[in-house]
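The next block holds one structure in the form of structure tokens; read it before the comments.
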Amino acid sequence: MEFLRKIFCFPFTKTLSKNKNIIEKNNKDEIVNEINLVNSDDDTNNSENLNNKDNDLDVYEHLILNQKYGLCPECNQPNTYCDWCKECCSKKFQQNFGNWTSGNDHIDKFIQESQLNARNSLELLEWIPYNRLRNIEFLAQGGFSTIYKALWLDGQIYKWNYEKQDWKRFENEFDEQDYKDAINPKIKNPLKDNEKYGLP
């Protein structure tokens, strides 16, 4: 679990480890002093280093600060990606937390953290209920898991649709082979004729 947390929350862990070192050096419990120490010890805050390419801002953060992705139509803050406002999307995800569960509190918390911290649609995880999967097919079994492939009826979220007040999702029209595969007796939860779109 810790390994996955590091992969999906890299910007947070980078900042956390930097702050932790400063706190350990100074042994102070006052938040104001910790923040001031971070700012005063950080070479990037010196005026001669503000334009230096070696500062802590990565290319992605420069794009956000320069409003490369435009402004959010809801909160008027810089988007963190094309048609993606981290703050507004986080609120929309949070409002939906009570409407789904994996049945495992640790997994739920992990998915929720990814949704709250996602700067774009590629950084978020989503719980997919079994009833939203079709043509579930066994692929392989290893030492720690059994692997299946399936069609996902909803498709992956990629932005918020402000007009419809709902998530816009990547979805493709299912092809003829998907319907032929549904006849296979090894397939679980076969695709129905009236289900036309989703994500293979």
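Annotations
- Odd one out for residue 142 among (1) of a type outside the set (Val, Ile, Thr); (2) surrounded by 13 or more Cβ atoms within 10 Å (Cβ to Cβ); (3) farther than 30 Å from residue 196 by Cβ: (2)
- Scope segment 112-146; condition charged (D, E, K, R) and without any contact (Cβ under 8 Å) to a residue 24 or more places away in the chain; matching residues: 132
- Note on segment 90-200: enclosed strands (runs of 3 or more DSSP E) holding 3 or more residues that are closer than 25 Å to residue 79 by Cβ and either touching a Lys or Arg at 6+ places or on another chain (Cβ under 7 Å) or not aromatic (Phe, Trp, Tyr) (or both) are 157-161, 166-169.
- One residue from 123, 137 being within 28 Å of residue 197 (Cβ to Cβ) and surrounded by fewer than 16 Cβ atoms within 10 Å (Cβ to Cβ): 137
- For segment 100-149, filtered to residues that are β-branched (Val, Ile, Thr) and touching an Asp or Glu at 6+ places or on another chain (Cβ under 8 Å), the residue that is nearest to residue 174 (Cα to Cα) is 128.
- Evaluation of residue 134 against (1) at pLDDT 95 or above; (2) more than 30 Å from residue 183 (Cβ to Cβ) (one fails), failing number: (2)
- Residues of segment 95-111 that are touching a residue at least 24 places away in the same chain (Cβ under 8 Å), surrounded by 13 or more Cβ atoms within 10 Å (Cβ to Cβ) and of a type outside the set (A, V, I, L, M, F, W, C): 101, 102.
- So residue 114, is it touching a helix residue (DSSP H, G or I) at 6+ places or on another chain (Cβ under 6 Å), under 30 Å from residue 60 (Cα atoms) and either at pLDDT below 95 or of a type outside the set (Val, Ile, Thr) (or both): yes
- Test for residue 170: is it hydrophobic (A, V, I, L, M, F, W, C) and in contact (Cβ under 8 Å) with a residue 12 or more places away in the chain: yes
- Residue count, segment 75-86 (criterion: surrounded by 14 or more Cβ atoms within 10 Å (Cβ to Cβ) and either under 20 Å from residue 167 (Cβ atoms) or touching a residue at least 24 places away in the same chain (Cβ under 8 Å) (or both)): 8
- Picking from residues in segment 148-168 that are buried (at least 17 other Cβ atoms within 10 Å of the Cβ) and out of contact with any Phe, Trp or Tyr (no Cβ under 8 Å at 6 or more places or on another chain), the one that is farthest from residue 120 (Cα to Cα) is 150.
- Identity of the residue in segment 55-89, assigned to a helix (DSSP H, G or I) and either touching an Asp or Glu at 6+ places or on another chain (Cβ under 6 Å) or over 16 Å from residue 116 (Cα atoms) (or both), that ends up modelled with the lowest pLDDT: 60
- Some residue of segment 171-191 being under 30 Å from residue 90 (Cβ atoms) and either in contact with a Leu (Cβ under 6 Å, 6 or more places away or on another chain) or not β-branched (Val, Ile, Thr) (or both): yes
The values are calculated or read from the model by the stated rules, or taken from the named source; none is laboratory data. Bear in mind that the values here come from a model prediction, so they are computed numbers and not experimental data. Cβ: placed from backbone, ideal geometry, glycine included. Neighbour counts: every protein chain shown.
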